[in-house]
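Following: one structure in structure tokens, then a few remarks.
The values are calculated or read from the model by the stated rules, or taken from the named source; none is laboratory data. Everything numeric in this text was worked out from a predicted model, so none of it was measured. Neighbour counts are summed over all protein chains in view; Cβ atoms, including those assigned to glycine, are modelled from backbone coordinates with ideal geometry. Heads up: the accessible areas ignore ligands, DNA and RNA and are worked out on the full protein's heavy atoms, side chains in. Shrake-Rupley method; radii C 1.70, N 1.55, O 1.52, S 1.80 Å.
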Amino acid sequence: MEVKKLSISWQFLIVLVLILQILSALDFDPYRVLGVSRTASQADIKKAYKKLAREWHPDKNKDPGAEDKFIQISKAYEILSNEEKRSHYDHYGDAGENQGYQKQQQQREYHFRHFHENFYFDESFFHFPFNSERRDSIDEKYLLHFSHYVNEVVPDSFKKPYLIKITSDWCFSCIHIEPVWKEVVQELEGLGVGIGVVHAGYERRLAHHLGAHSTPSILGIINGKISFFHNAVVRENLRQFVESLLPGNLVEKVTNKNYVRFLSGWQQENKPHVLLFDQMPAVPLLYKLTAFAYKDYLSFGYVYVGLRGAEEMARQYNVNVYTPTILIFKEHIHKPADVIQARGVKKQVIDDFITQNKYLLAARLTSQKVFHELCPVKRSHRQRKYCVVLLTAEATKLSQPFEAFLSFALANTQDTVRFVHVYSNRQQEFADTLLPDSNAFQGKSAVSILERRNTAGRVVYKTLEDPWTGSESDKFILLGYLDQLRKDPALLSSEAVLPDLTDELAPIFLLRWLYSASDYISDCWDSIFHNNWREMMPLLSLVFSALFILFGTVIIQAFSDSNDERESNPPDKEEAHAKTGKTEPSFTKEPSSKIPKKGFVEVTELTDVTYTSNLVRLRPGHMNVVLILSSSTKTSLLQKFALEVYTFTGRIVWRR
């Protein structure tokens with residue numbers, strides 16, 4: 001009977017606790033947490049969130065309940081900053097994060113789920129295995145190991161930014177940020193952002209290498225550099241963090257005043273130029289990520305169609321201002337080489353579109369790397385690649401031979417033939433190797449057809465016998481060679497070893513040094529002002545210790561130099577006597593309690609008064625020499641004594 005009563009009491013207590021917890025969970029109101037009204041604007045919500053986040057951030061607020069309060073503030077902002085979640089909360093009382101469930105099941109499990117979302121209670125908190133497989137499967141495909149990070153992630157970060165989460169077992173906050181992390185991963189991965197997860201318990205070496213000393217931690221990697229995320233883990237903050245990782249000069253704002261200058265830059269930069277027309281005032285993140293991935297091949301610009309004058313550009317290029325449109329311009333700035341126009345274009349479609357237009361119609365060979373990409377080495381008889389090279393002089397404006405070469409390339413574009421040009425004055429050795437008689441082509445353009453046989457520079461080629469003027473006869477001869485080459489590859493009868501091309505666009509040493517210095521300074525600035533101060537304590541301790549030692553040494557040396565200067569400067573009277581050249585010393589008989597100065601001979605008559613001060617209370621490091629003299633020998637012997645002391649000290653200061 002007693003056991004039965006005890007069992008009923010325990011059951012009643014458990015039910016009571018659950019009821020109290022559910023009621024407290026139902027009491028969660030994001031409007032009340034942020035202190036805003038239900039009609040508050042997004043600006044008011046954001047302002048209130050920033051104020052409360054600064055006040056209750058656990059790194060600044062040492063209150064024991066600061067972390068729980070900060071979590072509630074972040075959760076409230078996550079709901080109210082998203083219009084869809086806010087609307088769902090206003091109608092149904094929750095954020096609607098589990099809309100995949102059936103409506104009947106949502107109503108049946110509403111109270112428990114609402115309690116779960118606000119208290120972040122999960123089976124994994126007690127390490128129960130009921131739901132661990134579902135949680136682990138979210139991050140499983142993104143898990144990173146040290147070798148994978150070094151060999152793949154770091155090199156790939158020069159093409160796209162990476163967002164990495166550091167997690168571990170028994171991490172309460174890791175469970176809390178999991179829904180937000182999953183939502184952000186699904187969005188950013190589709191835009192081209194790399195995702196990674198590091199388990200600090202199993203990959204301690206990698207976690208230490210990344211500088212993550214606590215979990216959860218979120219960091220970004222771009223161009224091999226690591227930046228930590230320090231704001232509240234909400235979708236908008238993570239999106240802004242990824243956008244802040246990208247360089248600020250990736251996309252140029254183009255208007256009707258500068259579009260001609262922007263598109264005309266193809267000749268100097270040796271790149272096609274891309275323009276995006278859209279109705280958004282800010283550049284879309286997808287477009288920025290695309291610009292970062294292809295920054296070595298194309299230049300990107302953005303046209304906001306809402307600006308005055310944009311309609312003129314839209315009419316000129318036949319752009320529908322109500323639909324996002326991407327235009328690619330090559331050598332001709334008045335007519336786009338390719339166009340894509342659609343709403344909600346996927347990243348894969350944009351990548352394919354950009355890849356097909358990575359190079360100019362007749363790109364300039366500015367480096368050995370460009371030569372390898374445009375004119376690849378022959379791999380088999382079925383994969384022959386021919387390069388038609390125009391050797392011409394550099395000119396500020398397009399010359400007639402180059403214009404004719406462009407028109408010929410446009411009319412005879414083939415998969416097996418690539419058209420390129422070289423400035424013969426910049427690549428002199430390369431041009432001389434392909435020209436049979438340099439004197440005959442002096443100051444004129446020439447065309448050669450070549451095929452690369454290996455990476456060491458061996459090629460087979462044929463140069464047109466006459467200089468290229470761009471006439472119809474020149475085009476007819478070149479077309480005949482290309483047709484004959486399809487049937488008889490032996491047409492390329494000449495053989496040579498081409499020298500490596502010099503990099504024309506490489507900055508000089510001073511500029512490279514300045515760029516490296518600016519990058520280093522920016523890294524130090526970010527490390528000081530954006531990293532966790534606890535992580536910076538060893539470095540700050542070292543810096544302040546070095547400064548303390550340095551300034552301490554300087555101060556001590558300054559006092560020492562001041563004393564030495566006073567000791568080395570005798571009174572004005574002594575200087576006057578030194579100038580008159582008098583060498584006869586005079587001696588004082590008064591007792592002196594002063595410390596003898598360096599290089600100064602002081603002779604004092606020893607009496608019963610001065611005996612104690614000069615002999616008994618002798619200072620450490622000082623020595624007195626006592627001469628016992630008679631009245632008759634005192635003057636002569638003292639003079640000789642002074643001269644002897646002078647040879648020892650190096651200096652005598654006479655006193656009268």
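Some observations on this one:
- In the range 265-279, the residues that are more than 16 Å from Ala363 (Cα to Cα) and open to solvent by 20 Å² or more (accessible area, probe 1.4 Å): Asp278, Gln279
- Of the criteria (1) open to solvent by less than 60 Å² (accessible area, probe 1.4 Å); (2) modelled with pLDDT under 50; (3) in contact with a Phe, Trp or Tyr (Cβ under 8 Å, 6 or more places away or on another chain), which one His176 fails: (2)
- In the set (1) open to solvent by less than 50 Å² (accessible area, probe 1.4 Å); (2) free of Cβ contacts under 8 Å to residues at least 60 places away in the same chain, the condition left unmet by Ile221 is number (2).
- Members of the range 53-80 found to be more than 20 Å from Val180 (Cα to Cα) and of a type in the set (A, V, I, L, M), listed by number: Ala66
- Applying a threshold of 9 Å to beta carbon distances and a minimum spacing of six or more residues, or different chains, the list of pairs starting in the range 270-284 at a residue that is free of Cβ contacts under 8 Å to residues at least 24 places away in the same chain and of a type in the set (Lys, Arg) and ending at one that is open to solvent by less than 50 Å² (accessible area, probe 1.4 Å) and part of a loop (DSSP other than H, G, I, E, B) is empty.
Results for (1) more than 24 Å from Asp90 (Cα to Cα); (2) open to solvent by less than 80 Å² (accessible area, probe 1.4 Å); (3) among the aliphatic types (A, V, I, L, M), shown as yes or no for each residue.
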position	(1), (2), (3)
Ile45	no, yes, yes
Tyr49	no, yes, no
Ala53	no, yes, yes
Pro58	yes, yes, no
Ile71	no, yes, yes
Lys75	no, yes, no
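- Residues that are within 17 Å of Gln427 (Cα to Cα) and part of a loop (DSSP other than H, G, I, E, B), drawn from the range 443-477: Gly443, Lys444, Gly457
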